[in-house]
Amino acid sequence: MKNLTPPLCNGINKFKEIVENKQNPRKTRLLELVPRIRDCYTSYESNKFNLEGITPLFNGGGNDQEKEDLLHCYSQKNVNLDKLKKEIKENQPHEISGTCQYCGIDSSHSFDHYLPQEDFSEYSVMPLNLIPCCRVCNSNKGAIWLRNHKRQIINLYFDQVPSQQFLFGEILFENHIPTIHFS
């Protein structure tokens, strides 16, 4: 497991590019959200080491149409979203590019929304919230990132990953059946 390189692109500009490919009336509604999304992105960047303190834009309700529009930015095919994903992956160091850094086993063909898009739709296409990973790790994490106000999942962009080995595995065979003991 190694740290990933955070995307260097301007998040709000990427949001606007993705919105430009939408059809009206969704496009108009999303463009009206730009000032609020800009504030959310600024808050995320200011609190990147304390993301458990971030409050969802639609905390306790809100406009279902706006939330649906924001989720649509990620869920529907979009050439600018594809460009953003490619840019994020190409920004990673060559030696770890394409490998899921959560498990180190599979290739990164998916993106984890660090702040789950079900609760934080405003960050559904924010570059700093999109972490390349494999589909298995992405589905295992789901929306469980916070428990008792403490983060449960490492943020591979901002949390410092130790450079020394901290996980060890021992393979044991019992009746020709391998089992792994992790420590």
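Tell me, what is the 1.4 Å probe accessible area of Phe111, in Å² to the nearest 10?
About 10 Å², ignoring ligands and nucleic acids.
Please find, in a Gaussian network model of the chain (springs between Cα atoms separated by less than 10 Å), the residue of Ser163, Ser46, Ser107 whose mean-square fluctuation is greatest.
Ser163
Rg to Rh for segment 142-183: what is it, with Cα atoms only and Rh by Kirkwood? Provide the component values of the computation, followed by the final result.
Values: Rg = 16.0 Å, Rh = 13.6 Å.
Using Cα coordinates only, the ratio equals 1.18.
For the chain, set up a Gaussian network in which alpha carbons nearer than 10 Å are linked by springs, and say which option among Asn21, Asn155, Asn59 fluctuates the most.
Result: Asn59 has the largest fluctuation of those listed.
Can you list, bin by bin at 5 Å, the percent of alpha carbon pairs in segment 46-183, starting at 0?
Once binned at 5 Å, the Cα pair distances of segment 46-183 give 2, 8, 15, 19, 19, 15, 8, 5, 4, 2, 1, 0.
With a 1.4 Å probe and every protein chain kept in, tell me what percent of the accessible surface of the chain is carbon plus sulfur.
On the way: 5330 of 10680 Å².
Taking all protein chains in place, the chain shows 50 percent carbon and sulfur surface.
What is the distance in Å between the Cα centroid of segment 105-120 and that of segment 1-26?
Here the answer is 15 Å between Cα centres.
Which of Leu167, Leu51, Leu70 ends up with the largest GNM mean-square fluctuation for the chain, with Cα atoms connected below 10 Å?
Largest GNM mean-square fluctuation: Leu167.
Quote the Stokes-Einstein diffusion coefficient, in whole µm² s⁻¹, for segment 40-106, based on the Kirkwood radius over alpha carbon pairs, a temperature of 20 °C and a viscosity of 1.002 mPa s.
Answer, rounded: 143 µm²/s.
Accessible area per residue for the chain in Å², computed with a 1.4 Å probe and the full protein assembly in place, what is it? Don't jump to the answer; show the numbers that get you there.
Numbers: 10680 Å² over 183 residues.
Accessible area per residue: 58 Å².
The values are calculated or read from the model by the stated rules, or taken from the named source; none is laboratory data. Here the structure is a predicted model, which is why all the values come from computation and not from measurement. Areas reflect the complete protein model, heavy atoms only, side chains present, ligands, DNA and RNA absent. Shrake-Rupley method; radii C 1.70, N 1.55, O 1.52, S 1.80 Å.
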